[in-house]
Amino acid sequence: MTNHSAAGVVLLSLLMLTFRGPASAAEALVGATIIDGNGRAIDDGVVIVEGDRLQCVGSRGECPLERETTVTDLSGHYLTPGLIDAHVHFAQTGWLDGRPDGNPDPSVYPYEETIVALRADPGRWHRSYLCSGVTGVFDVGGAPWTVTGAQATDTERADRAHVRAAGPLITHAGLNSLFAPGKLADQPVFLPMESVEQLRADVAQLAEMGSAAVKVWYLDPEPAQREALDALMLAVGEAARVQGLPLIVHATELRSAKLALRAGASMLVHSVDDLPVDDEFIQLLLAGDAVYAPTLTVADGWRRALASVAFASPLAVDDPNRCVDEALLDRLQHPERLTPALRARPNYSPDRYLEAMKDAARMELQMAANLRAVRDAGGRIVLATDAGNPLTLHGPSVYRELEAMQAAGMTPIEIIHAATLESARAMGMDDRIGSLEQGKVADLLVLSADPRESASAFRALTHVMRAGSLRTQAALRVR
Ligand SMILES: [Zn+2]
């Protein structure tokens, strides 16, 4: 249709006014099966939205419609809270260009240019989140701008996901000069673990900056360094308590994960992947009411990204709802630009990438077994992708992670709870988001498949509501 009559245009405008009118104009979504994120399912349900809030969620009897309410019939569909990804990095792109420690050829993609472009467009990852059904994210580490920039502060709007951000990471890994070179020198990504005094000052500075948590990247130290660094890990926990900030820790070895929990960690941002979790680990996790973020798929993304460069062959991009923008897609589809530099490395061997694939299978089985152990013990589990890492794409990576959680043995109902209310709790926002309950922000998804049957149903996204604004998934497509 190309010819609109003038009257038609006027009528359309009036309809839009009714639809997007003042807060008093309520809107109702009726007829769908509602899965509220907090354990309740309602067939033929009603959600009444007023302004940006949920006014009523229940059966037709519980939520009677008033005459002026705008009604959208969603019979045959399923409503869930928006997905919340409790582990992302705004400062990373989803490709090797966002990781100076992983990019084989900085002359092809200079890191400074990547970061400058990213900061200049604070809406970029938000578009792919909403397009994928992700309405909240926890940025668990990056330069100060990831806390203070518009992408994290200007989010109370319908075209943004909710964001909490931790900011610079405390670590003994010492990569700051790589991640904060040249023009980026005033934006340190890493704060060194050197002394108790320094750590106290750094944690105080994080609090002042507005960080939502103190993030520690703790690689299990060599035995000779262990005693000193373990003491500093415990000191960070103490400093975080003093500042009233949650402590969140990357510690993927059983030993260091237990240390993190002893230090008071409220969240382990990755699975334990070296050994089976034991009773002591489970007791520490439960005693601290800590959250376990499995991130089952991120390591595979790294392996596949490097293999695609090594073999100069692009891999299929898992983006069923067209949420990846053209600029990123171009880089994903041209790994060969980085191939000569990778192959020129002195230790290069194609066999390495094949061996890595075999190791991956062992690690995946360990992570799956540990996730089941945490689940069986009643531990808190969240949806966490580590988006921004190579081939773990902001937004669409949630689908594969949800499916991996199911393949590991979680039920779809457990996964929905983890991916909504538990993730909101991990962000400290469960009073406002994470479930479909009266008074909460009206963030919800409409699916054409039943997410109680399979976590894959989140791929079948037909609409996204954020802050009371309902849009079709097609309208949210990035390309
Ligand atoms: Zn991460």
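The values are calculated or read from the model by the stated rules, or taken from the named source; none is laboratory data. Given the structure is predicted, the values throughout are model-derived calculations rather than measurements. Note that each Cβ is placed from the backbone with ideal geometry, even for glycine, and that neighbours are counted across all protein chains shown.
Tabulated data
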read-out	value
Search result, residues across region 411-439 that are farther than 24 Å from Ala213 by Cβ and buried (at least 23 other Cβ atoms within 10 Å of the Cβ)	Ile416, Leu436
Scan of region 386-407 for residues that are crowded, with 20+ Cβ neighbours inside 10 Å and either among the small types (Gly, Ala, Ser) or not in a loop (DSSP other than H, G, I, E, B) (or both), ordered by number	Ala387, Gly388, Asn389, Gly395, Ser397, Val398, Tyr399, Arg400, Glu401, Leu402, Ala404, Met405
Selection from region 257-269 of residues that are surrounded by fewer than 23 Cβ atoms within 10 Å (Cβ to Cβ) and either within 19 Å of Glu222 (Cβ to Cβ) or within 15 Å of the ligand (Cβ to nearest atom) (or both)	Lys258, Leu259
Qualifying strands (runs of 3 or more DSSP E) (wholly inside region 128-176; at least 2 residues being within 16 Å of the ligand (Cβ to nearest atom) and within 12 Å of the chain's Cα centre (by Cα))	134-139, 162-165
Candidate set from region 79-114 (those that are in a loop (DSSP other than H, G, I, E, B) and among the aliphatic types (A, V, I, L, M)); member that is nearest to Pro294 (Cα to Cα)	Ala91
Residue, surrounded by the most Cβ atoms within 10 Å (Cβ to Cβ), within region 440-473, restricted to residues that are of a type in the set (Ser, Thr, Tyr) and outside any helix (DSSP H, G or I)	Ser469
Which listed residue is of a type outside the set (Gly, Ala, Ser) and at pLDDT 95 or above, from Asp230, Asp220	Asp230
Test: residue in region 117-129 that is without any contact (Cβ under 8 Å) to a residue 40 or more places away in the chain and surrounded by 24 or more Cβ atoms within 10 Å (Cβ to Cβ)	yes
Selection count where residues are on the phi > 0 side of the Ramachandran plot and at pLDDT 95 or above, scope region 150-198	1
Residue within region 346-355 that is within 16 Å of the ligand (Cβ to nearest atom), on the phi < 0 side of the Ramachandran plot and either surrounded by 15 or more Cβ atoms within 10 Å (Cβ to Cβ) or part of a loop (DSSP other than H, G, I, E, B) (or both) present	no
Residue list for region 207-224, restricted to those being out of contact with any Ser or Thr (no Cβ under 9 Å at 6 or more places or on another chain) and free of Cβ contacts under 8 Å to residues at least 40 places away in the same chain	Ala207, Glu208, Glu222, Pro223, Ala224
Region 246-256, subset under 13 Å from Ala290 (Cβ atoms) and β-branched (Val, Ile, Thr), residue surrounded by the fewest Cβ atoms within 10 Å (Cβ to Cβ)	Ile248
Hits in region 205-231 - residues which are part of a helix (DSSP H, G or I) and crowded, with 22+ Cβ neighbours inside 10 Å	Leu206
Cβ pairs under 6 Å, 6+ apart, first in region 268-290 and without any contact (Cβ under 8 Å) to a residue 60 or more places away in the chain, second within 16 Å of the ligand (Cβ to nearest atom) and not β-branched (Val, Ile, Thr)	Leu268/Ala257; Leu268/Tyr292
Residue within region 62-83 that is surrounded by 23 or more Cβ atoms within 10 Å (Cβ to Cβ), within 16 Å of the ligand (Cβ to nearest atom) and under 28 Å from Asp318 (Cβ atoms) present	no
Condition broken by Pro100, with the remaining ones in (1) within 16 Å of the ligand (Cβ to nearest atom); (2) surrounded by 24 or more Cβ atoms within 10 Å (Cβ to Cβ) satisfied	(2)
Members of region 275-299 that are over 22 Å from Ala231 (Cβ atoms) and surrounded by fewer than 20 Cβ atoms within 10 Å (Cβ to Cβ)	Leu275, Pro276, Asp278, Asp279, Ile282, Gln283, Leu286, Asp289
Residue in region 282-301 that is within 14 Å of the ligand (Cβ to nearest atom), in contact with a strand residue (DSSP E or B) (Cβ under 7 Å, 6 or more places away or on another chain) and more than 22 Å from Asp376 (Cα to Cα) present	yes
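Results for (1) small (Gly, Ala, Ser); (2) under 30 Å from Thr462 (Cα atoms); (3) outside any helix (DSSP H, G or I); (4) at pLDDT below 95, shown as yes or no for each residue.
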position	(1), (2), (3), (4)
His270	no, no, yes, no
Asp273	no, no, yes, no
Asp289	no, no, yes, no
Ala312	yes, no, yes, no
Ala316	yes, yes, yes, yes
Val324	no, yes, yes, no
Leu328	no, yes, no, no
